[in-house]
Every structure is written in structure tokens, then in C-alpha cells.
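K.L.:
Provided herewith is a single structure, encoded as C-alpha cells, for subsequent inquiry.
The values are calculated or read from the model by the stated rules, or taken from the named source; none is laboratory data. Everything numeric in this text was worked out from a predicted model, so none of it was measured. Don't worry about glycine lacking a Cβ; one is built from the backbone with ideal geometry, like all the others, and counts go over all protein chains shown.
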Amino acid sequence: MISQDSRRTPRPLLSGGLAVLLAATLVVADIPDVSGDAAGPPAAEAMSHASARVPAEKRAGQKLAIAKPRVKGTARIGQTLRARVKSTGTVRPALTYTWLRDGVRIRGAHKSWYRLGSKDRKHRISVRVTAKATGYRTVTKRSSPTKRVRAKAINDPRSAQVVVNKLRPLQPKRYQPSGLVHARGIENTNGQPMRWATARALERMAVAARKDGVDFRIFSAFRSYDYQRSLYDSYVARDGRARADTYSARPGHSEHQTGFAVDLGDWSGCGIGTCFADTSAGRWLAKNSHRYGFILRYPRGYTHITGYTYEPWHFRYVGEKAAKEMKRKKIRTLEQYRGLKAAPDYR
């Protein structure tokens, strides 16, 4: 039986030693943990900080900011086009590329560059760029189309880089250049026109030659397909086909048909002949024509490559860059310069 006094007097809950241990534990529990990853603000404050680190536009889900893509490069077969696009937003997105031919996706063309092939000829090329970043809406923009893709320069009769020989006829064979003009201030025996670039370069060359006390005139320039056929047939009738092929081009194979070739001479009485090489005009042209974009197309000792005998009067406009490079590197023929095989005979 429990006495009344014992009910009123509470019993001690813990002994002295255990109480001290519990108190120490409670004190330690009140010390905040500041070690390693456990450190940090309260949950609400942490959420606020994380939100502040995210750009406002991302939180709002706005579009990425990229400029309209641009296509760099020459629209010519064999050349490489490159896409240029600038990100104007606050993040750097991942970009993907899709090249288009007349607006239709080109299979397998998904790099930032695209090399033009034969299938692209006469078509316009553009690129579609897609920008992506986590938390943003995807953005797609398309460039303006290029000009119509042209043939390789060495195949394009409109280009001063075209290579015409016995293995490389003009395409088309009856090609007729447009915009032919006459060179000003230079005597033109047959009154034949030429390409604008040829005429302007020839005029500058004539001025320079006269300053050195040398003058020259034009014996022949542009010849149409029909004109060349008539001329070639007359040579065949006179000398036979085998002989004619050594000094006259068949129709569709003549450089004169491009408007970039000229036969030059003087008033020494040599006319069109190898003796022109020994005249003051012939020597000056051989030494200086490259400065104005011309090359001596059929040099001595290279018939096995060009297919034609030595013609010191036949100059071909290829542009200053190519002509000067050939001179500097001592490259004598256009076939060698362009890495093409020799063309001594027709197929």
C-alpha cells in the first residue's frame, strides 16, 4: 500500500550522470551544421536563390534570340558554302543545320558547311538553322537563298578560268557569250569583239606597252561556232585533218569562242607566225602580259600537253591572279595550272 506522502513527492526522472549527458546532447543539437553540402539557407531561402540564378526570360519560357543565318561562299560547283548565325540572347544554344536545295531538304547535309556538287547546278541553296536550349522554346530560322549554282569555273564558259582544249569542249558546244565589246584605242584588223574583261585588260596593257615604246594590234578575237567551223574546214581542205588539228581547233573546242582569247601582232610584216616572238611587241607581251591577266596559251615545247604547236601571238585572258601566279610558279600551261590531264589529241 502506497502512502499519501509518496504520491505527492515526485521521483527524480534521471540520475545525475544521465542528466548531464542529455543536457550536453541538447546543446550540440542546437549548433548549426556548417560543414560541406549540408551548409545552406533554409528551404524557402534556397528556393529563392535558385530562382534568382535562372534568367528571367528562361523562367518566362521566351524564345531564344538568334539572327537570320547567312550563307558565305561562291555558288559554284566544287566550292564550299558555310552557314553563319549569331546568337543574340543570354544563353548559347545548341545549333543544328539543314541545307536546302530550292527549299527542299538535301539528304545528309546537316553540318555548318556544305560542298556544292553537280546536283546543285542551276539551283538555289539555303540553310535552315535550329537553336535549342533547355527551358526555352526552340527557334528555327532560314537564310536567304544563294544565286543559282554555276558549273565549276574551269567548266563554265562564262568564267575567265574556263579550260577549253581537245578533251574539254565548251558546254554547250554552240555557246555564245553575251555582252561582247570592242577594245578601245587598239587597231582591230578583223573588227572582232571580245568579253568586257578581256577588252578592258587589253586596253590597259596597250597603254603600258606604248609607254615602253611598243605597240600591237588585234588580228582576231571572238569567233562564233559557225565561224570556227568554216575556218577549220578550210584548213582541213588545204592541209588535211591531221595537219589542221595541230594548229586549228575544231568548232566547239576553240578558246576564241569564249571571247577570252586574242591573237595579237604588229606592223612588222610577220603577221600571224612564229616570227612574232622575235619582234619588240612579241617580246614585250611575253614578258609583261601576265601583269594584265593574260598568258601565252600555247608555249613552245608543250604541244604534248596543249595539243597545238607554238603560237607566240595567241594570248588568253585568265585574270591577274591566275596569270601572276602562273608566272611566279613558272607554270607554262593552263592544263598544268588546273591539274588537268594533257590533251594532245581529240578522243
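K.L.:
Which of the residues belonging to the range 116-160 are of a type in the set (D, E, K, R), closer than 20 Å to residue 86 by Cα and surrounded by 17 or more Cβ atoms within 10 Å (Cβ to Cβ)?
P.N.:
128
K.L.:
Of these, 186, 154, 218, which one is of a type in the set (Val, Ile, Thr), in contact (Cβ under 8 Å) with a residue 24 or more places away in the chain and closer than 30 Å to residue 123 by Cα?
P.N.:
154
K.L.:
Under the condition of being free of Cβ contacts under 8 Å to residues at least 24 places away in the same chain and outside any helix (DSSP H, G or I), which residue from the range 302-338 is farthest from the chain's Cα centre (by Cα)?
P.N.:
Filtering the range 302-338 for residues that are free of Cβ contacts under 8 Å to residues at least 24 places away in the same chain and outside any helix (DSSP H, G or I), the one farthest from the chain's Cα centre (by Cα) comes out as 330.
K.L.:
Would you check which residues across the range 94-127 are under 19 Å from the mean Cα position of the chain (by Cα) and basic (Lys, Arg) and list them?
P.N.:
Passing the criteria: 101, 111, 115, 119, 121, 122, 124.
K.L.:
Can we say residue 150 is in the same structural domain as residue 77 (by TED's automatic domain parsing), more than 18 Å from residue 95 (Cβ to Cβ) and touching a strand residue (DSSP E or B) at 6+ places or on another chain (Cβ under 8 Å)?
P.N.:
Criteria not met by residue 150.
K.L.:
Report yes if some residue within the range 133-152 is closer than 17 Å to residue 340 by Cβ and among the aliphatic types (A, V, I, L, M); otherwise report no.
P.N.:
The answer is yes; a qualifying residue exists.
K.L.:
May I pose another question? Just name the residue that is surrounded by the most Cβ atoms within 10 Å (Cβ to Cβ) out of those in the range 165-194 that are in contact with a Pro (Cβ under 8 Å, 6 or more places away or on another chain) and assigned to a loop (DSSP other than H, G, I, E, B).
P.N.:
170
K.L.:
Being in the same structural domain as residue 211 (by TED's automatic domain parsing) and touching a helix residue (DSSP H, G or I) at 6+ places or on another chain (Cβ under 6 Å) narrows it down to one of 292, 308, so name that one.
P.N.:
Step by step, each of 292, 308 is checked, and only 292 is in the same structural domain as residue 211 (by TED's automatic domain parsing) and touching a helix residue (DSSP H, G or I) at 6+ places or on another chain (Cβ under 6 Å).
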